[in-house]
Amino acid sequence: MANPRDIVEHYLSALYSREPQTARRYLADDLSFTGPAASFSSANQYLRATEHAVRAVRRVDRRKVFVDGQDVCVFYDLHIDPPVSVVPIAEWYHLEGETIASIRTILDTGPFTSLGSPTTEAATDPVCGMTVPKASAAETRSYAGQTYFFCNPGCAAAFDTQPEQYVAAA
């Protein structure tokens, strides 16, 4: 059996090296993800929704890793495209056997939600919580008489699977 720390570190390396197929091998099919303004109940759904964020990453600095049996906690800094620059993240991974069964991500979304210009009409992506200028949204959806704006196609696809969940959370 592989070491839980090694599994998580291999997963993170594959994810941020833009190797989603390799990263996927470390995730349970029914992965449970909880993070700011988003939750997913499948590995494929989670990877689709995070695709846009991964593309913006320029460097990952791991700060600390704690291991307690099948639980791994990782603190790291994501260096991403300006104007945000650096985002400190804490993630708690729970493994079952040799796959990651759940991920809980904690980060300050403030730098992302304050990106809109005061003169630009913006909306909040109901899946990831990012501020999206309405004029340049990657995709839009109409649901229950309201239009929703998305920062990327992955968030729109996640919304399509469970719109009522994201509308309720917003």
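Going by the conditions given, is A28 modelled with pLDDT of 95 or more, assigned to a strand (DSSP E or B), within 17 Å of G129 (Cβ to Cβ) and outside the structural domain of P153 (by TED's automatic domain parsing)?
Values: modelled with pLDDT of 95 or more: yes; assigned to a strand (DSSP E or B): yes; within 17 Å of G129 (Cβ to Cβ): no; outside the structural domain of P153 (by TED's automatic domain parsing): yes.
Considered against the rule, which asks whether it is modelled with pLDDT of 95 or more, assigned to a strand (DSSP E or B), within 17 Å of G129 (Cβ to Cβ) and outside the structural domain of P153 (by TED's automatic domain parsing), A28 comes out as no.
Within segment 120-147, residues that are at positive phi sit with their Cβ atoms under 9 Å from residues that are of a type in the set (F, W, Y), at 6+ positions apart or across chains, in these pairs: G129/F112. The requirement of being in contact (Cβ under 8 Å) with a residue 40 or more places away in the chain, part of a helix (DSSP H, G or I) and more than 15 Å from the chain's Cα centre (by Cα) is satisfied by V8.
Evaluating N44 against the criteria (1) at pLDDT 90 or above; (2) surrounded by 17 or more Cβ atoms within 10 Å (Cβ to Cβ); (3) among the polar types (S, T, N, Q) leaves one unmet condition, (2). There is no residue in segment 84-107 that is within 17 Å of G154 (Cβ to Cβ), of a type in the set (V, I, T), touching a helix residue (DSSP H, G or I) at 6+ places or on another chain (Cβ under 7 Å) and at pLDDT below 90.
The values are calculated or read from the model by the stated rules, or taken from the named source; none is laboratory data. Not measured: the values here are computed from a predicted model. Neighbour counts are summed over all protein chains in view; Cβ atoms, including those assigned to glycine, are modelled from backbone coordinates with ideal geometry.
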